[in-house]
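To start, the structure under review is shown below, and the notes come after it.
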């Protein structure tokens, strides 16, 4: 048992390590994904390990259906663990590992590399090297980097420092999920600098060819300690991982002698308290890393770290104030994005609050990343595009409409994550088709149209069983007889009937009606039948309060709507000069404050579609929701355009809310901006009379209010029957 293992290749060594640390059976498929090898190759390698394991009285035991595991005494495993660290090793690489290794070397090197260097390093012919470099070249081009091969000189890349950093980071993120990084950092246990769990081994197998694992853990430990020592800034999980990977690469480049050149990195200003906190924290991280790793880190890294930290959240009161200031933007982006995706997919996501809340939470940090040009890597991107092409395409088209608001194009990696939100919503809708549901159909008379509607429902939704067709007068008795009914489908409003699931539809059952029914059904918990109740609520539910606030917001918007024609603005164009006509209206309590808040918001990125510009903000300068349409006498050049070429604007739409406006008010006024993807609505704002503008807004807001009312009734009934 004490004999020394002869010579192992790197693949055999990692397979043995994986078997030793696995705490449960592991399958060929899992190993195949971990090592990026075919299942057949893994099977061949496992057979080759048999004679090695026998020397330690160990063997690979199979569990039918579960995989296999290492069997034998703990002493044998201990001897194997010690000996594989002492064994002589030669490297074995898969084609993908070779290509990734060449890419990594080229991105790090400032000098050309001869092809024979790669040939010797990987034990392959120069012809195979040339073929591998063809694939490397294609991958680098995705990041704007050109691979140059010059006879007699060698191979090198042509790209900017920012592009090198981006592709290095993308290479290390490749095939490693963000959640896996996070789990590695949160669940690590160390022995001799190595992470001893299966997840850690999987990442180790991926990175070992590129970086030293202990460097990752050293960097993570420093960042964790520095963040723990202060309470002002809290990094999102994604920014935390991205910062660690960035610094890990920087450390590797410094240790390999590749001094990082100064480049035109975007600099975050240090004017605000938040900016000063960022820079102070970035400097502390660099100082601590220099001490722990005994290296000298160029000062340019402080700027890069500050950019990563700029996506942080301010804690406590500061965080709440910061979120409230931008809440208008996140809700607007979410509503516009969902509406555009619905259009391109011909689907409805009405009532899917999980989707809405998830996207609002996603857009907040995403907007910061886009603002500062921070990279985000999505290792699942190619799989998402291949498996869900229609969803990805719809999200990409929707993002093109949002580009003006985000300050630039949204990268595919970001779109991939947005597509995952939409994909999850589609799955929730499809799940409703796998269960059977019971319905009651309600019409004014219970005859004629209701019979036709019931027939259409049976045809279009086979999983929906119509238990009864009743009039409004018969409904209470029908509910008592059919206690387990899941949904009421009605062609008329049912103001006095309290039920978890009520959907108002057209007698002709349009496609949007079917979508609303499906969205209502996926909220039904089939494992626990919903109890029905027709008693009146006491009116104290938070759902009722929320609905009342939506109604209040709608009334404020329609009451305060103003349309000004032939507005003349003398150059230079400013927000205050555009707004001069509303300086003395009663809704404006502080004109200067309102103008300043709007101008500060526009400095972050303007929004112009064709010749219509939208300006919006939350401000202490007004006391009620305010919507105003300004139509210029002569087109003006918009001073807040994101590009250098100013756009000509004829119509300006103002959306403003008081600083302390409730969430429901923000949602209602944001419905207006989400309609700007509809050309007909934009034309109404540009050209129609004030009465027509008012009617159009009333239609948009009433639809939103009715949908909110239907959801609130479900929540009220759910509370009263629990």
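The values are calculated or read from the model by the stated rules, or taken from the named source; none is laboratory data. In this text the structure is predicted, and so the values were computed from the model without any measurement. Reconstructed Cβ throughout: ideal geometry from the backbone, glycine too, with neighbour counts over all protein chains shown.
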Could you say which residue among 304, 279, 323, 343 is at pLDDT 50 or above, out of contact with any helix residue (DSSP H, G or I) (no Cβ under 6 Å at 6 or more places or on another chain), farther than 30 Å from residue 425 by Cβ and not in a loop (DSSP other than H, G, I, E, B)? 304
Considering each residue of the stretch 592-628, count those that are outside any helix (DSSP H, G or I) and farther than 26 Å from residue 689 by Cβ, and give that number. 9
Within the stretch 407-424, count every residue that is modelled with pLDDT under 80 and within 14 Å of the chain's Cα centre (by Cα). 1
Here the qualifying pairs (Cβ atoms under 7 Å; residues six or more apart or on different chains; first in the stretch 678-696 and free of Cβ contacts under 8 Å to residues at least 24 places away in the same chain; second exposed (fewer than 14 other Cβ atoms within 10 Å of the Cβ)) come out as 684/692
Residue count, the stretch 561-581, condition out of contact with any helix residue (DSSP H, G or I) (no Cβ under 8 Å at 6 or more places or on another chain), under 16 Å from residue 653 (Cβ atoms) and modelled with pLDDT of 90 or more, comes to 3
Using the structure shown, decide if residue 427 is modelled with pLDDT of 80 or more and within 29 Å of residue 518 (Cβ to Cβ). no
Number of the condition not met by residue 584 [criteria: (1) assigned to a helix (DSSP H, G or I); (2) farther than 25 Å from residue 700 by Cα; (3) without any contact (Cβ under 8 Å) to a residue 60 or more places away in the chain]: (1)
Selection within the stretch 235-260 - modelled with pLDDT under 70 and closer than 19 Å to residue 290 by Cα: 256, 257, 258, 259, 260
Modelled with pLDDT under 75 and surrounded by 20 or more Cβ atoms within 10 Å (Cβ to Cβ) - does that describe any residue in the stretch 186-199? yes
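Restricting attention to the stretch 340-353, report how many residues are loosely packed, with under 15 Cβ neighbours inside 10 Å and on the phi < 0 side of the Ramachandran plot.
Number of matching residues: 1.
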